[in-house]
Amino acid sequence: MPAKPEGTPDRDGPAPRRRSTSARAGCCAVAMAPLILTACQPGVLDPQGPIGIAEKTILIDSLAIMLAIVLPTIAATLGFAWWFRASNKRATYLPDFEYSGRLEMIVWSIPLLTVILLSGVAWIGSHQLDPAEPLPSKTPPLEIQVVSLDWKWLFIYPDQRVASVNQLVVPAGVPLHFSLTSSSVLNAFFIPQLGSMIYTMNGMRTQLNLQADAPGTFHGLSSHYSGDGFSDMHFDVRAVAPAQFTAWIETTRSTGPALDAASYTALARQSINIRPFTFRAADPALFHQIVTQQLPPGPGPRTGPPQQDVSPRTED
């Protein structure tokens, strides 16, 4: 066997080692994936209210209907590939086959039935879960007015005449009726565990009915891009016992500034990463003035480099 010239790399050694290292890295990635995914929040798959539970049911029903055609299709593909392999002499070879009415009926009827079932689920669910439809309950709903600002959330409790920024405190087991608008650009209000994302628009009022069945803290966010501070436009929803909610209202009334037209105009200026705070008093007519644009809209996002007083980022 001739000797290898000096300086010639050994091609028989490193290549298998590289393949072995890549295989081990792939196995480690697969093993670590479940551990990494445990940090993901369950969101819509862990509903904590009647709307969220109904929406989860629609998701599961839709998935089951689609799997009813997807799984047999995958099985048939693998079965046909195995049965009609070149080594299987029992498989019938029909090179002149062109048409079969029976096969055409099967091929078209199954997808048609799937579409009909999915359409029925979507049609019935969209009417039953109309965001403006009040929830059936003997308890009157709590009125909450929501204003999406740049880049924060304002929550006004008109009956209690208090307000909060970037925090929403509600009584558990009590229906919640939200009236929503925007101070500037289009936005979207979403509490995944309670259900039903809904848009907020300047000069318009939308409605949403939700309920938290049990005490807990749920994540709320803006699910529509609205400018430089969009990624930090989130808030906590604290569902507490009714007695605790009453105590929170009394505590809020004793501290913080008042919310009126002047303080709202200052609040509507662009800002980012605002810590939650409360207003001890809120003008009950303020929301109507915002919707009817008696108060000027917020400035909205600007073009060009980010404003240094809003975001510390710089452009090269």
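The values are calculated or read from the model by the stated rules, or taken from the named source; none is laboratory data. Since the model is a prediction, treat every value here as computed from it, not as a measurement. Positions of Cβ are backbone-derived with ideal geometry, glycine not excepted, and every protein chain shown enters the neighbour counts. Areas reflect the complete protein model, heavy atoms only, side chains present, ligands, DNA and RNA absent. Shrake-Rupley method; radii C 1.70, N 1.55, O 1.52, S 1.80 Å.
Highest mean first, the peptides 231-240, 196-205 sorted by other C-beta atoms within 10 Å per residue fall in the order 231-240, 196-205. Using bins of 5 Å that start at zero, the share of Cα-Cα pairs per bin across the range 152-226 amounts to 3, 14, 25, 30, 19, 7, 2, in whole %.
Across the range 122-216, the relative contact order, built from alpha-carbon pairs under 8 Å that are at least six residues apart, equals 29 percent.
If you average the sequence gap of Cα pairs under 8 Å that are 6 or more apart and divide by the length of the range 169-279, what percent do you get for the contact order? Could you put the intermediate results ahead of the total?
Values: 185 pairs, mean separation 29.8, N = 111.
Over the range 169-279, the number comes to 27 percent.
Using heavy atoms of the protein chains and a probe of 1.4 Å, the accessible area assigned to ARG161 is about 140 Å².
Under unit Cβ charges (Lys, Arg +1; Asp, Glu -1), what dipole magnitude, rounded to 20 debye, does the range 151-243 have relative to its Cα centre?
Numbers: 4 positive and 5 negative charges, 36 e Å.
Its charge dipole is roughly 180 debye.
Element breakdown for the range 67-194 at a 1.4 angstrom probe: carbon and sulfur atoms account for 68% of the accessible area. Once you have a ≥ b ≥ c as the square roots of the Cα gyration tensor eigenvalues for the range 116-245, tell me rounded if a/c is under 1.5, and otherwise prolate or oblate according to whether a/b is larger than b/c. The shape class here is oblate.
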